[in-house]
Amino acid sequence: MAVELPAPIAGYFSADKIGDADTVSRQFTQGAVVRDEGHAYAGREAIREWKTSSAAKYTYDVEPFAISEEAGLTIVSAHLSGNFPGSPVDLRYRFALEGERIAGLEIVA
């Protein structure tokens, strides 16, 4: 079953799937913050560098399978598999949206 995602979130996952860090970063507001693996990446340039680094280190595939709303956030549950320690794993992507952009993202197990 396909999950219907808001446009900026769908754009994030589509660009991530093909390894396009520039397009991933453009889904975010200028001041957005991403939190992943204990690190914070603030601003589009830092987000682009984060995605570039992740793609250089690991080959992975992410498949969203559920979406919900919680405390003003859009929560996407996704199955992540690849050549990274702990694969496969189900993760929760906590998106804060601002208009047609992502203002924040936290990725947690």
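Just so it is clear, none of the values below were taken in a lab; they were calculated from the coordinates. Just so you know, these numbers come straight off a predicted model, no measurement behind them. Glycine gets a Cβ as well: all are built from the backbone with ideal geometry, and neighbour counts include every protein chain shown.
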### Task
Please report, in debye to the nearest 20, how large the charge dipole of the chain is about its Cα centre when each Lys and Arg carries +1 at its beta carbon and each Asp and Glu carries -1 there.
220
### Task
Report the net charge of residues surrounding PHE84, where surrounding means a beta-carbon distance below 13 angstrom and charges are Lys +1, Arg +1, Asp -1, Glu -1.
-2
### Query
Can you give the relative contact order of the stretch 51-108 as a percent, counting alpha carbon pairs under 8 Å and 6+ residues apart?
25
### Task
Rank PHE84, LEU97, ALA10 by how far each Cα sits towards the positive end of the charge dipole of the chain (+1 on Lys, Arg Cβ; -1 on Asp, Glu Cβ) and give me just the farthest.
PHE84
### Query
Which whole-number value in Å³ per residue fits the convex hull of the alpha carbons of the stretch 7-108?
91
### Task
Work through the residues other than ARG35 whose Cβ is under 10 Å from its Cβ and net out their charges, Lys, Arg +1 and Asp, Glu -1.
-2
### Query
Summing Lys, Arg as +1 and Asp, Glu as -1, what charge do residues with Cβ under 12 Å from the Cβ of ILE18 carry, ILE18 excluded?
-2
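How much of the DSSP bridge set in the chain is antiparallel, in percent, rounded to the nearest 5?
Looking only at bridges with both residues in the chain, the antiparallel portion is about 85 percent.
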#### Entry: For peptides 3-13, 23-33, 68-78, sequence by mean Cβ density within 10 Å, most packed first
23-33, 3-13, 68-78
### Query
With the contact rule set at Cα under 8 Å and sequence spacing of 6 or more, what percent relative contact order holds for the stretch 7-108?
26
### Query
Say the dipole of the stretch 22-66 comes from +1 at the beta carbon of Lys and Arg and -1 at that of Asp and Glu; which of ALA55, GLN30, TYR41 then lies farthest toward its positive end?
GLN30
